[in-house]
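These notes are about the structure you will find just below.
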Amino acid sequence: MAKPAGCVPRDSQTRNPSEMNTRPTVLPTYSAIVLLVASSAVAQLPVERKHTETLLAPFPPEVRDSALVSPDCRHIAYIEESGAGQTAVLDGRKQGTYDRVVALDFSPDGNRLAYAARKGRAWHVVVDGQEQTPYERVGPPIFSPESRRVAHVAMVSGKRSVVVDGKPGPPYDVISAGLIEFSPDGRRMAYGAVKDGQCYLVVDGQPTGPYQDLGTQTGYRFSTDGARLAFVIREGEKSRVMVDGSKGPPHDDVAGLVFSPDGKRVAYAALDAGKWRVIVDGEAQAPYDTIGDDSLAFSPDGAKVAYAARSAGKWCVVVDGREQKHYDGVGQLCWSPDGRRLAYGVQTGEFEMVVLDGREERIFDAVAAGSLVFSPNSDHLGYIAGSRTVRFAVVDNNRKPRFDAVAYLNFSPDSQSPVYAATGAGKAFTVVEDKPALHQYDAIWLAHGAKLPFDSRRGFHYLAVKDDSILLVEEVVE
């Protein structure tokens, strides 16, 4: 795993805030399985399905590179250019015009929009259409998880401070990598800062330390209830994990720091003498050559912990310290909602498959990264796979109809209906009960990493492009 970056070398004030934009995922121009070549889909008889369409905004091709879909997949924002400058447009409604607009960001609930904008030599963060205090430079706005608070870094007279809800905090020489971490309930906040050559972790506005350095790649982690805080410090050539103010043992490197969902347990990966070990509740597990990046995860109930590990050129999944079967590669790990089941993708030779509860499923040319999803009741597993020329959903190890592309697979809240989007004959549409919808579009857009979102037991929605407009489409599974 990569060595955590120090807090001194760079900060968000020196980066272009537009680099922080998260692009939406688009169907059909986004391929769920990037190594496969699209082909003609097997013909499916489309069916009429109850739906409504609401026009959100004009959507000409020239604005699509800047477009951002809200996390709830109900709103769209983009940057429109004119002779007067650049303007943020939210659901077709224009906001103020500036010399430059960058770093569009929706709140997690999708109801708020913020961005950075320059007017003359002054930079503003604009929240809900309202300009905040101007500064020499600003970093990208960051919403708290519950969407109520907004923070960003600002520069004044060569010093940096973190501005929260419009109020600047104390000045520092550097704000570490622009990394600001809110607790899940939004009440607490932490960030790294440097002052007079000393490194601090600023927690709830108060500096802790000083420390030689902070492991900013690992970041700062609050427990779900916000009561606990864990982070990594550097002492000499060693890294230590700090949990609730207590310093852990020294390691050559640390990565993958996580709390269990209930906040009672802590795990991380540690490098010592050239080998990586996962440390769970202070107990070291077996050594490996590599622990998979971002693979370390507790089950939803916090009872189990799993991760991907490599040794002697082979990969395996380790569950509570017990190695599973070895493969050429391991992909996404996915716990069921009840925490009792584990699925993950594996590579064997030139082929890929999914392993569920320790049992290998069907072999395919490819399994789409990040596509594994359990039904809410944990009884069903779905994912997207493909052959050389077509793609399809796989549910309970049964291959569904073939299309040019498939994405956004999800289950209804009652766990009875798998739904997904697909393309065929140059059109994008949803598929329910193996039947494509009769209403079809030029493209379907969702937030990055999203799955088709349900609003009720049988109703879901998405954004769709049609005739250079973007629509909010709401469907009912009947």
If you put +1 on each Lys and Arg Cβ and -1 on each Asp and Glu Cβ, how big is the dipole of the chain around its Cα centre, in Debye rounded to 20? 500 debye
Give the residue from GLY219, CYS316, VAL431 lying farthest towards the positive end of the charge dipole for the chain; charges sit on Cβ (+1 for Lys and Arg, -1 for Asp and Glu) and the dipole is referred to the Cα centre. GLY219
For segment 247-285 and segment 413-478, what is the separation of their C-alpha centers, rounded to whole Å? 41 Å
For segment 251-321, what's the radius of gyration and Dmax over Cα atoms, in angstrom? 11.4, 35
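Greater than 25 Å separation of Cα atoms is the criterion. Which listed pairs, LYS50/LYS400; LYS400/LYS427; LYS94/LYS466; LYS275/LYS451; LYS304/LYS325; LYS94/LYS159, meet it?
On the way: LYS50/LYS400 22 Å; LYS400/LYS427 19 Å; LYS94/LYS466 21 Å; LYS275/LYS451 37 Å; LYS304/LYS325 18 Å; LYS94/LYS159 33 Å.
The pairs that break the limit, which is 25 Å between Cα atoms, are LYS275/LYS451; LYS94/LYS159.
For segment 282-332, give the magnitude of the charge dipole about the Cα centre (Cβ charges: +1 Lys/Arg, -1 Asp/Glu; no others), in debye to the nearest 20. Could you put the intermediate results ahead of the total?
On the way: 5 positive and 8 negative charges, 38 e Å.
Result for segment 282-332 is approximately 180 debye, rounded to the nearest 20.
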I'm spelling it out carefully: the read-out is Rg/Rh (Cα atoms, Kirkwood Rh), the candidates are (i) 1.04; (ii) 0.98; (iii) 1.08, and one was derived from this structure. Which label? (ii)
Determine the dipole magnitude for segment 251-321: charges of +1 sit on the beta-carbon of Lys and Arg, -1 on that of Asp and Glu, nothing else is charged, the reference point is the Cα centre, and the result goes in debye to the nearest 20. 180 debye
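Please compute the net charge surrounding ARG121, taking Lys and Arg as +1 and Asp and Glu as -1 over other residues with Cβ under 11 Å from its Cβ.
Net local charge, ARG121 excluded: +1.
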Between beta-carbons, use under 14 Å as the cut-off and find the net charge around GLY313, counting Lys and Arg +1, Asp and Glu -1. 0
ARG341-GLU474 FRET efficiency (beta carbon distance; Förster radius 25 Å; 0.05 resolution): 0.20
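Among LEU214, LEU55, LEU45, LEU446, what is the fewest-to-most ranking by other Cβ atoms within 10 Å?
Working: LEU214 31, LEU55 13, LEU45 7, LEU446 24.
Result, fewest neighbours first: LEU45, LEU55, LEU446, LEU214.
Bear in mind that the values in this text are calculations on the coordinates, not laboratory data. Everything numeric here is computed off the predicted structure, so don't read it as measured data. Using ideal geometry, Cβ is built from the backbone for each residue, glycine included, and neighbour counts are taken over all protein chains shown.
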